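I have placed the structure first, in the form of structure tokens, so that the comments after it can refer back to it.
The values are calculated or read from the model by the stated rules, or taken from the named source; none is laboratory data. Just so it is clear, the structure is predicted and the values come from calculations on it, not from any experiment. Don't worry about glycine lacking a Cβ; one is built from the backbone with ideal geometry, like all the others, and counts go over all protein chains shown. Protein only, heavy atoms only, side chains kept; ligands, DNA and RNA dropped before computing areas. Shrake-Rupley method; radii C 1.70, N 1.55, O 1.52, S 1.80 Å.
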Amino acid sequence: MRSSIIALLLLIAAIVQLPAQTSASITGKVTDETGAPVAYANALLLYAQDSTLAKGALTDSSGIFTFENAPGGRYLVSISYVGYATAYTSLFETGAGQAPVQLAPISLSQEGIALEEIVVKASRPFIQLDADKMTINVENSPVAAGNTALEVLARAPGVTVDQNNTINLKGKQGVQILINGKNTHLSAEDVARMLENMPAESIQKIEIIHSPSARYEASGNAGVINIQIKKDRKLGLNGSANLQAGQGTYPKAGGGLRLNYRQRGWNAFGDYSYRRNESFQQINLFRSIQGDLGTTTFDQGNRQVNLDNSHWASGGIDWTASERTTAGIFFRTQTGSKGQQAFNRTLLGGTNPNPFILVDADRFGDEHWGNYSFNFNLAHQFARPGQSLSFDADYSSFKNEDLQDYRNFFLDENGQQAAAPNLLSSDNRSMVEIKALKADYSQPLGETARLEAGAKASTVTTDNNIEFRQHQDGNWLVDSSRTNQFLYEENIYAAYLNASKQFGGFNLQLGLRAEYTQSDGYSVTLAQKTKRDYLDLFPSASLSHQIGENHSLSYAFSRRIDRPSYQNLNPFIYFLDQYTFLKGNPFLQPQYSNTVSVNYGYKQRYFLTLAYTHTSRFMSEILDQDDEQLLTFQTMANLDRFDNYSLNLHVPVTITDWWSARFNLSAYYNGFQSVYLGQAFDNSQFSYNINMNQNFNLPEGFKAEISGYYQSGMAYSFFDISHRYQIDLGVSKTFLDGRADLRLSIADLFNLREHKVDIVQGNINVQVDNKWETRRATLSFTYRFGNEEVKPARRRTTATEEEQDRAKGN
């Protein structure tokens, strides 16, 4: 490994010495009528013969654009930006070995077109696929109306969300979730809760990045998902309000308000949304335990009704301190409550050593939680185009209080009480506090190379305190056998170096990230401490090139890590019901993954990706069993290896001028091998996922969308998961001169989605059938108000947006 890292460092050091490309670079500058530079205008390099696209670029904060590695030929350049008339250069030529082409300044003229005068005939599709990432355009989708971020993610090609809200990407768990390009640093459970309560109306788009570069944190072996929150670019005061109502088995409601005030030097923005969702979950579970006297069976039925109320708010200020320096502050908060009523009946059969055959267990919960995040960002663009420095400081906290009452009654075959009831209550309080500092620097090296470097330090502290009380002789007494407090602290110090070079039609990128981790877990109740510290190196590399005008190829390699969550390291036992428990594993080790991939693109529309991932010390959920007491434990353990082979094919089809479709096939083979508890374990299966999305532009301004997916059965560790499928429908209408939208969406139209799992592990045999409220109809109304006139305002770059741009490019 050491020799490989040394070789990679030598390559990075020598990358700028690679032979220069034989074709020329083309540079120009875009200004407005006053001579001020126009940032982030679209620059297109067009072939003179037929005006087809050769290359595309965006202007930087100084209004400068560059087309690197342009082959010899005759060209012209078009410049476009909202609020300006499109401008064109005169024809020019480049040749092999020619010096860089410097175009004359290009001036844009203001159009001043009001938005209500524009008739929009095309919009971004719900799903877009590029060579390096997949983008889900949430804001324009009728199907997304009334849904949450988690539900939108579940419809993305290659993504599955199981009954525990665990996100899988191409058959792999371990996804890093970013909000506006920033890591949440929350556990998988807390991230799922955040996404489950984040309304789709607050989201602009979701980017799924399969092969992140060294600039991203090394966690997340399956990839990175970046959720970008909406942000308005219009001058003056404007905003939107929305209301929604839905009906499944139970009613739903929600609404929100978004405001934005922008002047040339600064921008203030904020939004608020509320969501009320009542839903159910039905779990049927059958398990058998082989004991010395015979087999005991448990036939369980559980119905749980949840009532969620959540509030989401965010806001901030961006300030242009000077021509090249911007600063900003940003906050985000989510608060909510969940009321739970669960009714569980367990029928014992076979060899039953108990005087009862039925356990009637009810559970009532009252949960309150809050998530608060604050960010300060500073960015500076140097005089040299492309040279920049950014700084971020973040603070986040997550607090949760969960009160539960458990009532267990034991009945005989006549329905009479056969044993004393077991009455319990619990108070579970948890706190997560996160602090992080980050700096990123980018430096062009000549015309065809770039060097990027950065560093980050983060601290995560958690306090999880659960107190159980048991009802005895008319009194509630502390149950010390179930009461527990667990403290955890994790410090990560990271630095990266990333270099890129264009030469001879190729684009090479090499990166290396180093992360030093210190963790300290302490069970106060058990007086048990677990300390760790380790240094890891994470190399990454990619090579891409164009083959003619229609074909492109790219190759990528990356090494990544997934660390255990603090809850998985907690050694104490959590009570679920009379016979089912959860417990952590303080000896759980991080898992490491190495991924190689090849991506082929045709006409930048059709994409085929092949990938292989090898994971060592794979962290997996497992079941453990106490045969004598008939108890089942769920915990985490490291398996020896997990191999994932995947193929992804994306095909867009234009059927007519009003009907388009996109099809995505993700096929993968999961193989798990390990020696566990002295026995060899081998579970593997070929699986596939098919996504379909169809869009219809109908008369009178109506739009319709039909989407659906089919996920075949799959193997995951000791679990065999059955197939599942779903079809969604959405219709929208824009009216009031483009200021209002009315959308109707129906999720899981035929109520087909359910989750079935078989678990066979040693003498453990469990079948689970999980059905939750997936079919529902939602009607939403959105009204946009304020200044709709687009002025020639230069888009400013904040430190947050710099991170978003990095997410877009890798």
Global form of the range 543-660, assessed from the alpha-carbon gyration tensor, a/c cut-off 1.5: prolate
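Loop-only check: which trypsin sites (Lys or Arg not before Pro) in the range 546-619 are DSSP coil with at most 15 other Cβ within 10 angstrom? Each step should come with its number before you reach the end.
Details: sites: R559, R560, K583, K603, R605, R617; in loops: K603, R605.
Those satisfying the criteria are K603, R605.
Quick one: if you take sqrt(5λ) for each eigenvalue of the C-alpha gyration tensor of the range 269-369, what semi-axes come out, biggest first, whole angstrom?
Rounded to whole Å, the semi-axes are 53, 16, 9.
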Simple spin-label estimate for Q518 and W658 in nanometres, 7 Å along Cα-Cβ: 6.7
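Give me the number: length gained by fully extending D624 to L423, i.e. 0.36 nm times residue separation minus the C-alpha to C-alpha distance, one decimal in nm. If you can, show how the numbers build up before the last one.
Values: separation 201, 0.36 × 201 = 72.36 nm, distance 2.52 nm.
Stretched out fully, the D624 to L423 stretch lengthens by 69.8 nm.
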In cubic angstrom, how much convex hull volume per residue do the alpha carbon atoms of the range 603-691 span? 137
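May I ask for the equivalent-ellipsoid semi-axes of the range 343-429, computed as the square root of five times each C-alpha gyration tensor eigenvalue and listed largest first in whole Å? Present the calculation step by step, with values, prior to reporting the outcome.
On the way: eigenvalues 695, 46, 12 Å².
That gives 59, 15, 8 Å for the three semi-axes.
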Expected output is a single nm value to one decimal: the length gained when fully extending between D412 and S109, i.e. 0.36 nm times separation in residues minus the C-alpha distance. What is it? 100.5 nm
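Please give the per residue accessible area of the range 323-452, computed with a probe of 1.4 Å over protein heavy atoms only, in Å².
On the way: 5870 Å² over 130 residues.
Per-residue value: 45 Å².
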Long-range amide H contacts for L698: which residues qualify at under 5 Å (H placed 1.01 Å from N, peptide plane, sequence gap of 5 or more or a different chain)? K703, A704
7 Å from Cα along Cα→Cβ at both S712 and Y725: what's the point-to-point distance in nm? 1.3
Between the range 551-573 and the range 286-304, what is the separation of their alpha carbon centroids in Å? 35
Radius of gyration and Dmax for the range 536-609's Cα atoms, expressed in Å? 21.5, 66
Return the distance in nm (one decimal) between the two label points of a simple spin-label model at Y606 and A495, each offset 7 Å from Cα along Cα→Cβ. 4.8
From the phi of every residue in the range 323-330, what ³J(HN,Hα) in whole Hz does the Karplus formula 6.51 cos²θ - 1.76 cosθ + 1.60 yield, where θ is phi - 60° and glycine or proline is x? 4, 10, 10, 10, 9, x, 10, 8
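Between R345 and L543, what is the FRET efficiency for a Förster distance of 60 Å, r being their Cβ-Cβ separation, to the nearest 0.05? Before the final figure, lay out the partial values.
On the way: r = 59 Å, r/R0 = 0.99.
Computed FRET efficiency for R345 and L543 comes out at 0.50.
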In a solvent-free Debye calculation with one equal scatterer on each Cα, what is log10 I(q)/I(0) for the range 426-568 at q = 0.12, 0.15, 0.19, 0.22 Å⁻¹, listed in the order of the q values? -0.70, -0.88, -1.12, -1.29
Pairwise centroid distance, computed over Cα atoms, of the range 667-743 with the range 339-395, Å: 23
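Accessible area per residue for the range 610-766 in Å², computed with a 1.4 Å probe and the full protein assembly in place, what is it? Don't skip to the end; give the middle numbers.
Values: 7090 Å² over 157 residues.
Counting only protein heavy atoms, the per-residue value for the range 610-766 is 45 Å².
Want the number for Q102 to N550: 0.36 nm per residue separation, take away the alpha-carbon distance, what's left?
Details: separation 448, 0.36 × 448 = 161.28 nm, distance 2.75 nm.
Taking 0.36 nm per residue and subtracting the Cα distance, the gain is 158.5 nm.
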